[in-house]
Amino acid sequence: DAKTTQPNSMESNEEEPVHLPCNHSTISGTDYIHWYRQLPSQGPEYVIHGLTSNVNNRMASLAIAEDRKSSTLILHRATLRDAAVYYCILRPPRAFGNEKLTFGTGTRLTIIP
Amino acid sequence: ETGVTQSPTHLIKTRGQQVTLRCSSQSGHNTVSWYQQALGQGPQFIFQYYREEENGRGNFPPRFSGLQFPNYSSELNVNALELDDSALYLCASSFKGQENNEQFFGPGTRLTVL
């Protein structure tokens, strides 16, 4: 499995944008970039995913570098409820077999009121 | 729509014992995966079941086994418990074939082995 590298922790002020970086220099041409987050005392939850183009949904935006060796999860206006561990995960296309998620240690995001 | 549920919430066992953890998948999902999350670490994939058969396994010994039932509920069994088995055990369900492979996680079962 291709490896991802994320900062161990980040802090951000409430109501400000947050940019969470992820490096994945060994990504293959068919790997999708997924982000999950784990709120305190809960299981992980899906945030967003993309392949090559930038993506937006109601939770966040995903900016993917042109060479796909890095990506950034963007929370446009952080709230206290966004305090969580954020995981950047590479996944092969669904046709390639089982659908496991390979988690690293993620980035612990702290929101300052 | 009912989410993924797990039971029990917490469990304490002693070394050498056996444990069974249970998971009820989200309605409409046909695949269940189990993960182990040690304190301060990301979840680690144990195995996945699809149509009642194991469909992939992580780096876990055979004393970790599972079952998936026709109603897509699932069990994780761990025999001969060791102290290092103390962790949060997460179940995730998904629908095989869905474009984004989104997995829906339960809240987990916290297992403590003494």
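The values are calculated or read from the model by the stated rules, or taken from the named source; none is laboratory data. Treat the numbers as computed from the prediction; the structure is a model and nothing was measured. With ideal geometry, Cβ positions are generated from the backbone for all residues, glycine too; neighbour counts draw on all protein chains shown.
Brief remarks follow.
- The lone exception for A:ARG81 - which of (1) at pLDDT 95 or above; (2) under 12 Å from the mean Cα position of the chain (by Cα); (3) not small (Gly, Ala, Ser); (4) not in a strand (DSSP E or B) it fails: (2)
- Residues in the range A:31-50 that are surrounded by 12 or more Cβ atoms within 10 Å (Cβ to Cβ) and more than 13 Å from the chain's Cα centre (by Cα): 4 in all.
- Considered as a group, the residues in the range B:72-114 that are of a type in the set (S, T, N, Q) and modelled with pLDDT of 95 or more include one that is farthest from B:GLU53 (Cα to Cα), and that residue is B:THR112.
- Residues located in the range B:25-61, provided they are surrounded by 14 or more Cβ atoms within 10 Å (Cβ to Cβ), more than 19 Å from B:ASP85 (Cβ to Cβ) and touching a residue at least 60 places away in the same chain (Cβ under 8 Å): B:SER25, B:GLN26, B:HIS29, B:ASN30, B:THR31, B:VAL32
- Candidate set from the range A:79-113 (those that are charged (D, E, K, R) and facing chain B (nearest Cβ under 10 Å)); member that is nearest to A:THR26 (Cα to Cα): A:ARG91
- Complete set of residues in the range A:64-79 that are surrounded by fewer than 17 Cβ atoms within 10 Å (Cβ to Cβ) and in contact with an Asp or Glu (Cβ under 6 Å, 6 or more places away or on another chain): A:ARG77
- Exactly one residue among A:HIS76, A:HIS24, A:HIS34, A:HIS19 is touching a residue at least 24 places away in the same chain (Cβ under 8 Å), within 14 Å of chain B (Cβ to nearest Cβ) and not charged (D, E, K, R), and that residue is A:HIS34.
- Conditions (1) surrounded by fewer than 14 Cβ atoms within 10 Å (Cβ to Cβ); (2) without any contact (Cβ under 8 Å) to a residue 24 or more places away in the chain; (3) of a type outside the set (A, V, I, L, M): number failed by B:HIS10: (2)
- Among the residues of the range A:41-74, the ones that are of a type in the set (Gly, Ala, Ser) and in a loop (DSSP other than H, G, I, E, B) come to 5 in all.
- Subset of the range A:8-47 [on the phi > 0 side of the Ramachandran plot and of a type in the set (A, V, I, L, M)]: none
Each row is one residue, and each column tells you yes or no for (1) more than 11 Å from the chain's Cα centre (by Cα); (2) modelled with pLDDT of 95 or more; (3) crowded, with 17+ Cβ neighbours inside 10 Å.
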{"position": "A:GLU11", "(1), (2), (3)": "yes, yes, no"}
{"position": "A:SER53", "(1), (2), (3)": "yes, no, no"}
{"position": "A:MET59", "(1), (2), (3)": "yes, no, no"}
{"position": "A:LEU62", "(1), (2), (3)": "no, yes, yes"}
{"position": "A:TYR86", "(1), (2), (3)": "no, yes, yes"}
{"position": "A:ARG91", "(1), (2), (3)": "yes, no, yes"}
{"position": "A:GLY97", "(1), (2), (3)": "yes, no, no"}
